[in-house]
Every structure is written in C-alpha cells, then in structure tokens.
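Accompanying notes for the structure given below.
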Amino acid sequence: MKQLVNSLQYVVVLIVIYPVYYIWETDKVTHFCEQVETGMSKERFVQLSRQASVRMIGPQDESLVGGKWQALIAPGMFISADECVVRGAGQTVATARLFER
C-alpha cells in the first residue's frame, strides 16, 4: 500500500512539473527564433544556438548546388509544440520562421 501511495505522489509531482517544463522549453525556442536575423553568419547562428541551449537538428545541407542548408530548433523530446525552421544559403541565414502546431 505504501508503494502505491509513493507512486501516486510521484505522478502528482510530474503532473505539476510538466506544464512548467513545457512553457519553459517553448518560450526558449520562441525567443531563440526571434533572435535569429536574416544575413546572420552560419557560424554566429550556431554559436547563438549553443548559448541559448536549444535542441537543434542540423544545419543539414539540402543541396550541394548553391550551398542551401536547413536547421530545425525544437523544444524537448516530449513536447510537440512550436518549431523554428532556419534556412540558409552558403554561410548566411536566409530565413527563420516559427511554425506552431
């Protein structure tokens, strides 16, 4: 019986903490996406992502012709919310858009 009570307490704590984590992570992605500017160098963009401690997938090359690349910045693993898609050409950022789900 004591194990059941302890398990329920853990579940209640997780239910309380998850919304705070959700808001924290989505705000971090939104704020980061607002900081990315058109014309920013790719190196500066990567530095900014490290400073902001965001989870970034990429930048991955889309094609060798023209040097197009794309990076996806998403919140934590268990959150399916806003995502920032950053596209660039060569060594500069072309666009940064926030997509809401």
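For this structure, a couple of remarks:
- Each label was represented as a point 7 Å from its Cα along the Cα-to-Cβ direction; for T95 and I15 these points are 4.2 nm apart.
- Shape analysis of the range 1-48 yields a ratio of the Cα radius of gyration to the Kirkwood radius, Rg/Rh, of 1.40.
- Stretched out straight at 0.36 nm per residue, the stretch from I57 to K2 would grow longer than its current Cα-Cα span by 15.5 nm.
- Computed from the Cα positions only, the extents of the range 1-100 along the three principal axes stand at 65, 23, 23 Å, in decreasing order.
- The chain, relative contact order in percent, only Cα pairs under 8 angstrom and at least six apart counted: 26 percent
- The calculated 222 nm mean residue ellipticity attributable to helices in the chain amounts to -15500 deg cm²/dmol, summing -39500 (n - 2.57) over DSSP H runs of n ≥ 4 and dividing by all residues.
- The angle between the Cα long axis of helix 2-35 and the longest principal axis of the Cα atoms of the chain comes to about 20 degrees, rounded to the nearest 10.
- Helix axis angle, 42-52 relative to the chain longest principal axis, alpha carbon, degrees: 20 degrees
- Accessible surface, 1.4 Å probe, highest first, among residues R44, R87: R87, R44
- With DNA, RNA and ligands ignored, accessible area of L14 (1.4 Å probe; Å², nearest 10): 120 Å²
- Its Kirkwood hydrodynamic radius, worked out from the mean inverse distance over all distinct Cα pairs, puts the range 16-74 at 12.7 Å.
The values are calculated or read from the model by the stated rules, or taken from the named source; none is laboratory data. As the structure is a computational prediction, the values presented were derived from the model and not from experiment. Cβ: placed from backbone, ideal geometry, glycine included. Neighbour counts: every protein chain shown. Side chains included, ligands, DNA and RNA excluded: accessible areas come from the protein's heavy atoms. Shrake-Rupley method; radii C 1.70, N 1.55, O 1.52, S 1.80 Å.
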